[in-house]
Amino acid sequence: MTQSPVTTISEIGKHDGQSVTLRGWLYNLRESGKLLFPIFRDGSGVIQGVLAKNAVAAEVFDAVKSLTQESSVIVEGKVRADKRAPGGFELDVAAIEIVQRVSESDPYPISPKEHGVEFLMEHRHLWLRSSRQSSILRVRAEIIKAVRDFFDDRGFVLTDSPILTPAACEGTSTLFPVDYFDEQAYLTQSGQLYIEASAMALGKVYSFGPTFRAEKSKTRRHLTEFWMVEPEVAYATLDDIMDLAEGLISSVVKKCLERRRADLDVIGRDVSKLEKIEAPFPRITYDAAVQMLQEGHAQGALESKFEWGGDLGSPDETYLAQKFDRPVMVHRYPAKVKAFYMEPDPKNPAAALCVDVLAPEGYGEIIGGSQRMSSYELLVQRIREHGLPEEAFKWYLDLRKYGSVPHSGFGMGIERAVAWICGLEHVRETIPFPRMLNRLYP
RNA sequence: UCCUCAGUAGCUCAAUGGCAGAGCAUCCGGCUGUUAACCGGAGGGUUGUAGGUUCGAGUCCUACCUGAGGAGCCA
């Protein structure tokens with residue numbers, strides 16, 4: 001092959017009328033008599049090639065004609081703007097080098113036709129190559145970058161929490177145990193307790209990493225391994241972190257609309273719904289939410305009547321979220337349904353200074369946060385009430401002995417945020433290799 | 001853990017208790033603008049597993065396995 005400049009499909013518009021080299025894979029091949037229409041992908045996008053039998057060398061035509069799906073190829077050809085092409089450009093193929101040809105006796109299993117969930121999940125390592133899955137992963141990467149930029153630009157310091165932990169932060173029933181030499185350790189279910197310590201050192205901090213929950217949940221919103229970003233701010237109140245949460249979400253959505261609109265189109269997302277996501281978000285108390293739920297039940301929109309004092313269930317969250325066109329913040333839940341470390345509301349000690357942010361369109365809770373308890377005595381009392389091993393929390397209690405201050409933070413689940421922003425049916429598509437109740441492979 | 005549904009060709013699905021079928025994929029042939037191309041042909045089956053009912057079971061019954069959707073729990 002001659003040496004034309006190597007480029008990518010996403011950049012190919014800059015080379016209109018020129019010869020270029022693309023390195024990628026055959027996505028599909030159509031033919032019509034003496035014409036071939038190979039579709040190539042290279043990780044940045046998809047482009048259709050064209051070969052006419054009387055216009056190219058016979059060996060090039062035959063080589064393309066015999067290609068199998070997902071064979072890896074280096075192609076050279078002239079870029080041509082064409083209204084018939086979905087991406088606006090086509091490639092008049094002049095030469096091709098087959099890097100590895102997929103055998104027809106063992107063809108690529110994922111055809112352009114429909115497949116079932118189980119089959120696709122068994123072939124997740126190959127499913128990632130589809131346009132839709134590639135676009136989702138690009139949006140995921142954009143969301144993570146937008147999250148980190150948001151905090152970095154505001155003076156937060158990234159202080160990651162350990163993955164291996166000696167004890168639970170919210171009870172032991174949902175932990176994955178691992179052998180740690182002669183001790184029992186667990187995979188973390190939240191980095192929160194540790195970033196409280198680093199917030200006391202550095203003021204404004206966040207952690208970003210994987211978390212693990214051995215919940216036997218089998219729903220479209222659950223993974224056993226998922227990624228969380230958790231900011232923690234010294235001297236911040238509940239109101240402060242509600243401001244922070246709505247700023248984060250609106251900033252992330254805006255970045256995706258600016259930089260990943262083409263991918264959102266591939267995924268089929270209705271971006272008009274995302275364009276409405278601007279601060280301020282509605283804020284309602286738990287008490288107001290209960291009233292809305294009871295009205296919903298009276299109107300027949302909800303099956304069961306919600307009683308004050310319980311935690312919100314999935315159908316309840318979906319109902320509340322449907323009342324708004326942007327995320328809704330529900331704050332001040334009853335303390336007894338929330339974690340032990342939450343500060344009581346001074347105006348009503350039965351309520352906790354906490355907030356759940358419910359995404360629109362039924363995507364459920366994407367953020368959970370609170371003001372943390374700052375009193376040593378009260379925290380000891382709560383740890384005992386919850387039957388937690390006091391010895392394991394000695395270091396955490398130290399934070400309340402040496403310059404304790406009010407502080408607040410929250411956790412945002414990356415996969416739920418990706419599912420919502422992309423408009424996906426299930427969080428399993430939001431991460432390259434999802435870990436679920438019945439899925440550890442591939 | 002509980003509730004509901006499903007499992008038939010590589011994939012997606014049909015088949016009243018009575019001969020196991022189609023589309024896609026693969027292979028062969030045709031077509032100079034195809035858009036999940038189309039047209040013709042070929043090969044491809046231990047109907048999830050183990051029992052049971054029946055003259056006869058993909059179909060009915062029991063148990064188990066696997067998967068999906070939901071509840072609870074949660075981000």
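Out of everything in region A:1-24 that is in a strand (DSSP E or B) and touching a Phe, Trp or Tyr at 6+ places or on another chain (Cβ under 7 Å), what residue ends up being farthest from A:V50 (Cα to Cα)?
Filtering region A:1-24 for residues in a strand (DSSP E or B) gives A:6, A:19-24.
Filter again for touching a Phe, Trp or Tyr at 6+ places or on another chain (Cβ under 7 Å), leaving A:22, A:24.
Working: A:L22: 14, A:G24: 16 Å.
For region A:1-24, the residue satisfying everything is A:G24.
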- A:A262 surrounded by fewer than 15 Cβ atoms within 10 Å (Cβ to Cβ) and among the hydrophobic types (A, V, I, L, M, F, W, C): yes
- Note on the structure: Restricting region A:308-340 to residues that are open to solvent by 10 Å² or more (accessible area, probe 1.4 Å) and under 14 Å from A:R382 (Cβ atoms), the one farthest from RNA strand B (Cβ to nearest atom) turns out to be A:A335
- Item | Sole residue being under 19 Å from A:I431 (Cβ atoms) and within 16 Å of RNA strand B (Cβ to nearest atom), chosen from A:I267, A:I249 | A:I267
- Task: Just give me the residues in region A:6-47 being under 15 Å from A:K78 (Cβ atoms) and acidic (D, E), in sequence order.
- Result: A:D16
- Task: State which residue is nearest to A:S10 (Cα to Cα) when the search covers only region A:92-121 and only residues that are near RNA strand B (Cβ under 10 Å from one of its atoms) and among the small types (G, A, S).
- Result: A:S111
- Query: Of the residues that make up region A:48-71, is at least one under 35 Å from the mean Cα position of the chain (by Cα), among the hydrophobic types (A, V, I, L, M, F, W, C), within 16 Å of RNA strand B (Cβ to nearest atom) and crowded, with 17+ Cβ neighbours inside 10 Å?
  - Reply: no
- Task: Go through the residues of region A:354-373 one by one and say whether even a single one is at pLDDT 95 or above, in a loop (DSSP other than H, G, I, E, B) and more than 29 Å from the chain's Cα centre (by Cα).
- Result: yes
- Message: Among (1) near RNA strand B (Cβ under 9 Å from one of its atoms); (2) of a type in the set (A, V, I, L, M, F, W, C); (3) farther than 19 Å from A:P107 by Cβ, there is one condition A:F89 misses while meeting the rest; what is its number?
- Response: (1)
- Message: The conditions are (1) more than 13 Å from RNA strand B (Cβ to nearest atom); (2) assigned to a strand (DSSP E or B); (3) closer than 22 Å to A:D106 by Cα, and A:V75 fails exactly one of them. Which is it?
- Response: (3)
- When region A:80-111 is checked residue by residue, the ones that are among the basic types (K, R) and either assigned to a loop (DSSP other than H, G, I, E, B) or in the same structural domain as A:D265 (by TED's automatic domain parsing) (or both) are A:K83, A:R84, A:R101
- Report the residue count in region A:25-47 for those that are within 12 Å of RNA strand B (Cβ to nearest atom) and part of a strand (DSSP E or B). 14
- Listed residues A:G362, A:G411; which is on the phi > 0 side of the Ramachandran plot and either surrounded by fewer than 24 Cβ atoms within 10 Å (Cβ to Cβ) or of a type in the set (V, I, T) (or both)? A:G362
- Message: Here are the criteria: (1) within 24 Å of A:R261 (Cα to Cα); (2) loosely packed, with under 15 Cβ neighbours inside 10 Å. Tell me which single one A:K34 does not satisfy.
- Response: (1)
- Looking at (1) in a strand (DSSP E or B); (2) open to solvent by 70 Å² or more (accessible area, probe 1.4 Å); (3) away from RNA strand B (no atom under 13 Å from the Cβ), can you tell me which one A:W227 breaks? (3)
- Task: Examine region A:138-155 for a residue that is surrounded by fewer than 18 Cβ atoms within 10 Å (Cβ to Cβ) and modelled with pLDDT under 90, and state whether such a residue exists.
- Result: no
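Considering A:R80, A:R124, which residue is within 16 Å of RNA strand B (Cβ to nearest atom) and in contact with a Pro (Cβ under 7 Å, 6 or more places away or on another chain)? Can you show your working first?
Numbers: A:R80 fails: in contact with a Pro (Cβ under 7 Å, 6 or more places away or on another chain).
Every option except A:R124 fails the conditions.
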- Could you say whether any residue in region A:175-194 is open to solvent by 60 Å² or more (accessible area, probe 1.4 Å), at pLDDT below 95 and within 13 Å of RNA strand B (Cβ to nearest atom)? yes
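Listed residues A:G403, A:G368; which is of a type outside the set (A, V, I, L, M, F, W, C), open to solvent by 10 Å² or more (accessible area, probe 1.4 Å) and within 11 Å of RNA strand B (Cβ to nearest atom)?
Going through A:G403, A:G368 in turn, the sole match is A:G368.
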- Of the conditions (1) open to solvent by less than 10 Å² (accessible area, probe 1.4 Å); (2) more than 30 Å from A:A262 (Cβ to Cβ), the single one that A:C422 does not satisfy is (2)
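The values are calculated or read from the model by the stated rules, or taken from the named source; none is laboratory data. Being a predicted model, the structure only gives us computed values, none of them experimental. Virtual Cβ from ideal backbone geometry, glycine too; neighbours counted across all protein chains shown. Side chains are part of the model used for accessible areas, which takes the heavy atoms of the whole protein and leaves out ligands, DNA and RNA. Shrake-Rupley method; radii C 1.70, N 1.55, O 1.52, S 1.80 Å.
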